[in-house]
1. When the accessible area of segment 128-285 is split by element with a 1.4 Å probe, what percent falls to carbon and sulfur?
2. How much accessible area does ARG124 have with a 1.4 Å probe, in Å² rounded to the nearest 10?
3. In whole Hz, with x marking every Gly and Pro, tabulate ³J(HN,Hα) for segment 226-236 from phi via Karplus 6.51 cos²θ - 1.76 cosθ + 1.60, θ = phi - 60°.
4. Determine ³J(HN,Hα), in whole Hz, for all residues of segment 291-300 in sequence, where each value follows from phi through the Karplus function 6.51 cos²θ - 1.76 cosθ + 1.60 and θ = phi - 60°; x replaces Gly and Pro.
5. As a test question: what accessible area, to the nearest 10 Å², does HIS228 have when a 1.4 Å probe is rolled over all protein chains in place?
6. Ordered by residue, what ³J(HN,Hα) values in Hz, to whole numbers, does segment 329-342 give under the Karplus form 6.51 cos²θ - 1.76 cosθ + 1.60, where θ = phi - 60° and Gly and Pro are x?
7. Quick check for you: with a 1.4 Å probe and neighbouring chains kept, what is the accessible area per residue of segment 187-256, in Å²?
8. Could you tell me which residue out of LEU277, ASN262, VAL231 lies farthest along the dipole of segment 227-321 toward its positive end? Charges go on the beta carbon: Lys and Arg +1, Asp and Glu -1, centred on the Cα centre.
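The values are calculated or read from the model by the stated rules, or taken from the named source; none is laboratory data. Since the model is a prediction, treat every value here as computed from it, not as a measurement. We place every Cβ from the backbone using ideal geometry, glycine too, and count neighbours over all the protein chains shown. SASA here: full protein model, heavy atoms, side chains in, ligands and nucleic acids out. Shrake-Rupley method; radii C 1.70, N 1.55, O 1.52, S 1.80 Å.
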Amino acid sequence: MRSRIHNKMCLSRALLTGWVLLLVQVLCLEAVPISMDKTKVHVPEKREPEEPPAASVDTGLHYDRYLREVIDFLEKDQHFREKLHNTDMEDIKQGKLAKELDFVSHHVRTKLDELKRQEVNRLRTLIKAKQDLEGGNDIAVDHQALLKQFEYLNHNNPHTFEVDDLDRLIKSATNDLENFDKDRHEEFKQYEMTKDHDRREHLKTLDDDERKKEEEHYDELKKKHADHPKVNHPGSQNQLKEVWEEADGLDPEDFDPKTFFNLHDSNGDGYFDEQELEALFTKELEKIYDPTNEEDDMVEMEEERLRMREHVMNEVDSNNDRLVSLDEFLVATKKKEFLEPDSWETLEQNQAYTDEEMREFEDHLVQQEQDLSEKSFDLQKQRDDLEKQQEQLNAQKIELQQAVEHMERLKSQKIEPPPEVHVEGNAIPEVQAVDNQLHHEQEAQQPEPHFEPQDPQNTLQEHHEQQHQNLAQQGLPQVRHDLPPGHQEAAQGLHNVP
């Protein structure tokens, strides 16, 4: 976790710098001339006129390129440049500057329209790429709905850059960056509490002797970390003179605030931004932190740097535009706090969290563990239920397969229909067996008949007629009586068999 927070804090170092610089008139100003004694101070040579200006500092915002390109083109409009000179930061935040977009040249507006279309296409590409990574290639994407999460542009009008777009861009950048320091402090607090909690939990796993040695080692590291040279009050005369002497290689007796400002205004815009201010504290931080020492935590060093920069901004930045102008700097150098500052209390003298916050943090961890345990139990139960359902489905599948196999066996054992008997001249179905069966069934069901002497020929004819009627009722083929001579007598002979 320490590595994650450290990387995040380091990455966000650039985010706090240069953003207001891109939004106010100071981008357009030349460096303020200074007066100095050239016999005592060696000023670096002037840059050649053809040398390109310093590139804008990356704010760290995911829309940084879009922000800088919009500002760069707005600066090319004379009317807008003049308004920048006469608009303070509070008016910019309230959207007064954005209304001036209606008066910029057609060429600038056309270019801003193009920039917005490119940015919308970039966002759509990012949305599509994210969807592809998540495996949703076949799902339709509602780009219009997803674009709502990007509040720095008007997604309802993706083709033209309007007043609302500039207003959204300014407010989003302002809001994102103003909340950044607060978020960093909260992250650092969480980091410190987690580190302390992990140390305590580790001690619980040790026996008495090992625990004692570990606690002694921890106390020793704390003492080594606290044993460092005195730290000057950030932004004080002593602190700046030390930079003047050690970083600039100049005589501290020749310290001149204007010259110092000019030397450390790295982009020559006449202002100290947050990054330029933080660079002034490097010497002080090196007194406390050494990356090669076990007792020194580089995450804590970045938090100390942030504290120093915030302190100077609160004392010097009178108009709260997150920039220190030359005038503000010179005014501050005449204050008592600059000449006779109080001592600076470092992080080891100011714990990042209270005991109550630590108890709440640990209670929160306990609750998280309980929630995770419950979720794990529920997931295990769901897994068991799914396994049971799978077993039932497998059993049903086996039964179905067995039923199908049984039906196939019955189908293969089905009796074929009886074959036909061919008599010369005509095909006669073989019905003798059926005829005999029906004859015997009828005899079993009827009482013993009383025969009277009758003509044999009539009796035989009546018998055949009765059999034909019975066969017709059963849907069986009837015996033909119009057979050729000789065949008819043969058929009669079959029926006369007792």
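1. On the way: 3860 of 8610 Å².
The value for segment 128-285 is 45 percent carbon and sulfur by accessible area.
2. Answer for ARG124: close to 80 Å² accessible.
3. Taking θ as phi minus 60°, the curve returns 6, 8, 9, x, 5, 9, 6, 5, x, x, 7 Hz for segment 226-236.
4. x, 8, 8, 5, 7, 9, 9, 5, 5, 5
5. Counting only protein heavy atoms, the figure is 50 Å².
6. My calculation for segment 329-342 gives 5, 5, 4, 5, 5, 9, 7, 5, 4, 6, 7, 10, x, 6 Hz in order.
7. Working: 4350 Å² over 70 residues.
Here the residues of segment 187-256 average 62 Å² of exposed surface.
8. Farthest towards the positive pole: ASN262.
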